[in-house]
1. Would you confirm whether or not region 362-374 contains a residue that is under 21 Å from Pro17 (Cα atoms) and modelled with pLDDT of 95 or more?
2. What's the number of the only condition in (1) surrounded by fewer than 19 Cβ atoms within 10 Å (Cβ to Cβ); (2) within 16 Å of the ligand (Cβ to nearest atom); (3) assigned to a helix (DSSP H, G or I) that Glu542 fails to meet?
3. Counting just the residues of region 512-537 that are within 9 Å of the ligand (Cβ to nearest atom) and under 17 Å from Trp312 (Cβ atoms), which one comes out surrounded by the fewest Cβ atoms within 10 Å (Cβ to Cβ)?
4. Which one of the conditions (1) touching a residue at least 60 places away in the same chain (Cβ under 8 Å); (2) within 22 Å of the chain's Cα centre (by Cα) does Met425 fail to meet, given that it meets all the rest?
5. Which condition number in (1) under 24 Å from Cys325 (Cβ atoms); (2) out of contact with any Leu (no Cβ under 9 Å at 6 or more places or on another chain) is the one that Thr59 fails?
6. Here is a list: Leu209, Leu172, Leu199, Leu151. Which entry is among the aliphatic types (A, V, I, L, M), at pLDDT 95 or above and more than 21 Å from His593 (Cα to Cα)?
7. Taking the options Ala249, Ala258, Ala234, Ala187, name whichever one is among the hydrophobic types (A, V, I, L, M, F, W, C) and over 30 Å from Arg85 (Cα atoms).
Amino acid sequence: MSDTIDTLLSEHRTFPPSAEFRAQANANDVGIYERAFHNPTGFWEEWAEKLDWFEKWHTTVEFTAPNAKWFLGGKLNACYNCVDRHAIGDRANKAAIIFEGEPGDSRTITFAEMKDEVSRIANALKSLGVKKGDRVAIYLPMVPELPMTMLACARIGAPHTVVFGGFSADSLQERCNDATVKVIVTADGGWRRGGVVQLKKITDEAMDLGCHTVEKVLVLERTGEKPGPVTMVANRDIAWNDLVPQQSADCPCEPMDAEDLLYILYTSGSTGKPKGITHTTGGYMVGVSATSKLVFDHKEDDIHFCTADCGWVTGHSYITYGPLCNGTTVLVYEGAPDTPDKDRFWRIIEKHRATILYTAPTAIRTFMKWGDEYPIRCDLSSLRLLGSVGEPINPEAWMWYHTIIGAEKLPVVDTWWQTETGAIMITALPGITTTKPGSATHPFPGIRVKVLDEEGNGVDVAGPHAVNTPKGGFLVLDYPWPSMTRGIYNDPERYQKTYWSKFPNTYFAGDGIKLDEEGYLWLLGRVDDIMLVAGHNISTMEVESALVDHPAVAEAAVIGKTHDVKGQAIAAFVILRSNYSGSEELIKELKAHVAHKIGAIARPDDLFLCAELPKTRSGKIMRRLLRDVAEGRALGDTTTLADPSVVASLKDKYENSEG
Ligand code: WT7
């Protein structure tokens with residue numbers, strides 16, 4: 001960790017916004033920070049007023065840690081704000097979604113068309129028995145029907161839980177049961193790297209495992225004949241084409257209370273069981289629309305290309321709800337970045353003239369590795385702004401992004417936030433901030449963060465202020481913001497314990513952070529047991545539970561080891577039960593077992609069979625030492641180990657194994 005801090009803080013290159021960008025930017029007056037600092041509620045109210053409300057709120061905020069409520073008494077509908085209000089007048093025939101399928105098919109859906117289609121989907125859900133307050137699981141590929149089904153749920157007041165298409169049957173089942181889901185919306189399959197991810201088949205497996213509250217499964221046809229027709233279960237499964245097109249394109253928007261649940265999205269927890277992060281309607285919509293407008297500088301002609309999947313919060317906030325709320329066109333891509341070739345993202349930008357690109361450091365590092373020839377042979381001249389999210393972006397990757405993709409002139413906004421924060425929290429404002437490669441710069445206007453040390457001493461940071469004393473520590477927040485999660489679904493105790501117990505009345509984000517003398521913030525990665533693999537949150541416990549679920553495994557310890565491309569790669573240390581002996585096949589099988597239990601994203605890169613694990617006298621596995629082993633470093637302090645010889649011999653063997 002200290003190496004990282006030293007390298008980062010020796011980064012002194014600075015990039016002020018160009019005069020040209022500044023002149024046209026939605027935010028170009030640094031006074032915005034000062035104004036929002038002195039009157040944060042007033043700042044958020046101004047953004048709330050840009051939404052359409054059926055009834056205005058009477059109280060802006062009520063906050064008693066850990067519970068916040070925003071825009072109390074207000075009534076609105078998220079779908080109305082993203083769809084209906086743009087489906088009339090000038091924007092009616094403007095593209096809402098431009099879709100590019102992996103096989104090369106594309107579709108454009110205007111706001112007017114989207115209003116009709118979303119209404120039909122909403123009526124179809126109603127005909128399946130979905131009522132206001134019922135939960136719907138969405139397990140779809142990245143096709144327009146995914147954001148449209150989210151919006152259809154919002155329209156009728158049925159909270160959705162989107163399950164990423166890369167997740168396994170077990171993961172889908174666990175989420176459906178936790179959220180007591182009534183209907184699953186899925187597809188026969190989705191295209192990925194030329195093959196088909198068989199979503200319906202996985203849904204069937206999840207149903208066989210037992211999704212006790214699921215009554216109906218609605219099945220979209222995407223991949224058709226390949227790899228053959230899906231099995232439809234009588235009285236349970238309904239083909240999309242037999243139901244949706246027949247529906248009326250009239251469906252009223254349910255007036256929702258500002259604090260009514262909009263969605264649940266599951267994120268990894270350190271106990272292994274995913275946490276159902278909740279977001280309500282009013283505050284969330286205010287947060288995502290304000291940040292979309294100011295961070296991405298959305299203008300009427302923009303085409304916003306966010307490469308995330310709607311299975312992650314980035315796809316909720318910066319594909320579906322934020323941009324569409326502002327009437328911005330979003331570009332949606334279904335497949336892999338290297339299909340048919342490694343220039344696919346750049347070809348998509350060229351073909352559809354995307355103006356904004358929002359992607360993750362893991363993708364940027366992959367593109368760097370593939371080579372400059374891929375972006376260089378494409379016309380990227382339509383781009384005007386670049387964004388990054390998901391993990392700390394190393395200065396080299398930032399510079400490559402700025403130089404090769406941004407032709408040395410486009411602003412790069414590195415945006416720090418979380419599933420739990422709902423919207424971007426720390427970021428540059430492209431028309432104001434002088435950026436430094438690798439720094440997420442400053443809290444967004446209206447946001448106050450704190451950098452605290454272990455004793456709870458620290459500094460407050462709001463806006464861009466120079467400080468004399470740099471400070472490193474934990475990133476925490478003790479001031480409410482509209483889009484903050486309203487807690488873990490059905491588990492207030494866990495919410496309190498996970499996020500609000502390290503420091504009193506303070507939200508602990510789980511990240512390390514450093515404030516430099518010029519008031520810039522540098523994110524340093526997770527300080528807890530959450531790994532960040534290719535920008536996705538996976539807990540060590542979750543992978544350990546999947547491993548010990550295999551009959552051959554007695555004990556497992558999992559760590560995230562530094563990886564050039566993925567940020568972190570999963571390394572597992574496994575003790576076998578005595579009646580099993582190690583082999584290459586078994587190692588393969590164990591890796592596959594994890595992929596099967598959680599999803600391919602959690603497949604360990606290294607799996608090392610060992611006889612013992614380094615433990616403290618109280619029996620806690622010392623992951624720090626395993627990280628030293630896996631990263632080939634000298635061993636750190638081993639004095640608290642019950643048996644110091646364990647780790648030395650482990651290191652020896654690990655270095656001579658194939659992993
Ligand atoms: C964790 C949250 C927010 C959407 C994607 C991830 C890490 C996210 C950055 C950034 C450094 C970042 C943090 C955070 N993270 N963005 N710009 N710089 N770290 O959402 O799965 O909820 O993960 O991602 O560690 O806590 P998530």
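1. First pass over region 362-374, keeping only residues under 21 Å from Pro17 (Cα atoms): none.
Scanning region 362-374 turns up no residue that is under 21 Å from Pro17 (Cα atoms) and modelled with pLDDT of 95 or more.
2. (1)
3. If we take residues in region 512-537 being within 9 Å of the ligand (Cβ to nearest atom) and under 17 Å from Trp312 (Cβ atoms), then Arg526 is surrounded by the fewest Cβ atoms within 10 Å (Cβ to Cβ).
4. Only one criterion is unmet by Met425, namely (1).
5. (2)
6. On the way: Leu209 fails: more than 21 Å from His593 (Cα to Cα); Leu172 fails: more than 21 Å from His593 (Cα to Cα); Leu199 fails: more than 21 Å from His593 (Cα to Cα).
None of the other options fit; the residue is Leu151.
7. Details: Ala249 fails: over 30 Å from Arg85 (Cα atoms); Ala258 fails: over 30 Å from Arg85 (Cα atoms); Ala187 fails: over 30 Å from Arg85 (Cα atoms).
Being among the hydrophobic types (A, V, I, L, M, F, W, C) and over 30 Å from Arg85 (Cα atoms) holds for just one of Ala249, Ala258, Ala234, Ala187, which is Ala234.
This table checks each residue for (1) crowded, with 23+ Cβ neighbours inside 10 Å; (2) of a type outside the set (A, V, I, L, M); (3) closer than 19 Å to Gly276 by Cβ.
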| position | (1), (2), (3) |
| --- | --- |
| Pro144 | no, yes, no |
| Leu151 | yes, no, no |
| Ile156 | yes, no, no |
| Val162 | yes, no, yes |
| Glu174 | no, yes, yes |
| Val196 | no, no, no |
| Glu205 | no, yes, no |
| Val217 | yes, no, no |
| Glu225 | no, yes, no |
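The values are calculated or read from the model by the stated rules, or taken from the named source; none is laboratory data. Computed from a predicted model, the values in this text were never measured in an experiment. In this analysis, Cβ positions are derived from the backbone assuming ideal geometry, glycine residues included, and neighbour counts consider all displayed protein chains.
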